[in-house]
Amino acid sequence: MEMTNRTFRVIERMCPLGQDPHQCATDNGLIKVGDRLYEDVVLNREHEEKHQEAKFAAALATLRGVYNNDKSWTEDHAAGFGDLLIAAKKIDGAAAAIGKALQDGDNYDIREVLATALGALGGVDAVHTVREVIYGEDSALTRFGPHFLFGLAHHTHAPSDKFLKELMYWLRDTPSTYALHWDIANTIATVLRRDCERTVSTRNACEKGKRPILEKFVNDLTDCKDERCIRRSFEVLVNLPNQKAVSFASSHLCSSDPTIQLRAAQLIARAPARFYSSELTYALIRVFRNTCPSPSSTAASMAALNAILKSIPESQTAGTLILRTESLDSPQDHELWNYVYDAVAVSRLFEVAKDSFWSTLRSFRVFRPNYSQRSLKADSNAFGADIADTKKIAYD
């Protein structure tokens, strides 16, 4: 190693060795002498707080002016909402400040926006504020609750366990006979799903049952004693299609209640195919073939088919079971089979493996196409799947 710079600078010592740093700085005029250490810093912080509060008030006034001039949603409204949210996050007690603004009569026209902004803040303080301001006793602001829950479900911060527990307490304190109970549950499901999808680590933790709050939420939600509770639970779990939700849905695939059967099949169709098992595939086939003890509607059969198609080609048995149901004669349910052929054709457009699988399967003599496929009088199609996967095609 070669040393290229041997400069050695010596400066005069400003303070005696061992002197207190604060005393040294004071003696040399580096900080102001006061009753407290760092007095200037404290004063500057107080000034900054007042400055941010003034910016929040200005953003609130600007948003109020935009809504007074134009009731329809424009870019100015979006910019005003963003500026308000940014200003609110920089002040202490942001949730309380927005809660106070909600109660101010001058903000009558923007109360929906303020409720959404309060939810978008997220955190424990926001939940406490909404329970006091919007859902408190004799509150006239209850109708703005859904706007808060919408903002809360889509707030951008990673949810803390304390925040999730506060939502769970709110859910527990609200009777299940109230619509609010299920609105809160839907919000929790959305927050948990977005948190599980945040990173690979969080996704693995959720799938392997290592998120206690997630496990408790699903267990409480599926602990139903009547069909009404089961139906409402499916409405929530469709937002959180994890392994436990799929197991719960599979146990109700052959339910005597057509609504429960349809929602169970729809939930499974939204879940990742890695949660499927061979037992679940056969249960879906029973719904598709209408061989459950209770009749299956065409809509339930279509939903079951969507789930089955997701498992192909990993589950090759599923494809043969679908084609074994095909009839050489005209099928009884033309709408269902028109949807089957269209859904299969759409699924082949997006994955080479699926296209290869169906080509191979149709090449066998027993599964060759027949005239009945072209003689159906029906309007059902898979345009929904086509539209849903357009974005995937564009960015793949």
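The values are calculated or read from the model by the stated rules, or taken from the named source; none is laboratory data. Just so it is clear, the model here is predicted, and its values are computed rather than measured. Please note: Cβ atoms are built from the backbone with ideal geometry, for glycine as well, and neighbour counts cover all protein chains shown. The protein model used for the area step is the full one, side chains on, heavy atoms only, and it has no ligands, DNA or RNA in it. Shrake-Rupley method; radii C 1.70, N 1.55, O 1.52, S 1.80 Å.
Points worth noting:
- Relative packing of 10-22, 332-344, which averages over residues the other C-beta atoms within 10 Å, highest first: 332-344, 10-22
- Ranked by how many other beta carbons lie within 10 Å on average, peptides 158-171, 245-258 from highest: 245-258, 158-171
- What segment 122-271 shows is 48 Å² of accessible area per residue, with the surface traced by a 1.4 Å probe over protein heavy atoms.
- FRET efficiency for PHE350 and GLN243, using Cβ-Cβ distance with R0 set to 30 Å, rounded to 0.05: 0.75
- Cα-centred dipole magnitude for segment 64-143, charges only on beta-carbon of K, R (+1) and D, E (-1), debye, nearest 20: 120 debye
- Derived scalar couplings between HN and Hα for segment 265-276 equal 5, 5, 5, 5, 5, 8, 7, x, 5, 5, 8, 7 Hz in order, rounded to whole Hz, by the Karplus curve 6.51 cos²θ - 1.76 cosθ + 1.60 (θ = phi - 60°), x for Gly and Pro.
- Projected label points at TYR169 and ALA205, each 7 Å from Cα along the beta carbon direction, are separated by 2.1 nanometres.
- Listed candidates [x] 56; [y] 33; [z] 50 - label of the one calculated as percent of Cα pairs over 32 Å apart: [x]
- Cα→Cβ-extended label distance, 7 Å offset, between THR142 and VAL10, nm: 8.4 nm
- Scalar couplings 3J(HN,Hα) for segment 78-86, obtained by applying the Karplus form with A = 6.51, B = -1.76, C = 1.60 to θ = phi - 60°, are 5, 5, x, 5, x, 5, 5, 5, 5 Hz; x denotes Gly and Pro.
- Carbon/sulfur fraction of accessible area - the chain, other protein chains in place, 1.4 Å, %: 52 percent
- Taking Cα centre as origin and charging only the Cβ of basic (Lys, Arg, +1) and acidic (Asp, Glu, -1) residues, the dipole magnitude of the chain rounds to 1700 debye.
- The value of relative contact order for the chain, using C-alpha pairs under 8 Å at least six residues apart, is 7 percent.
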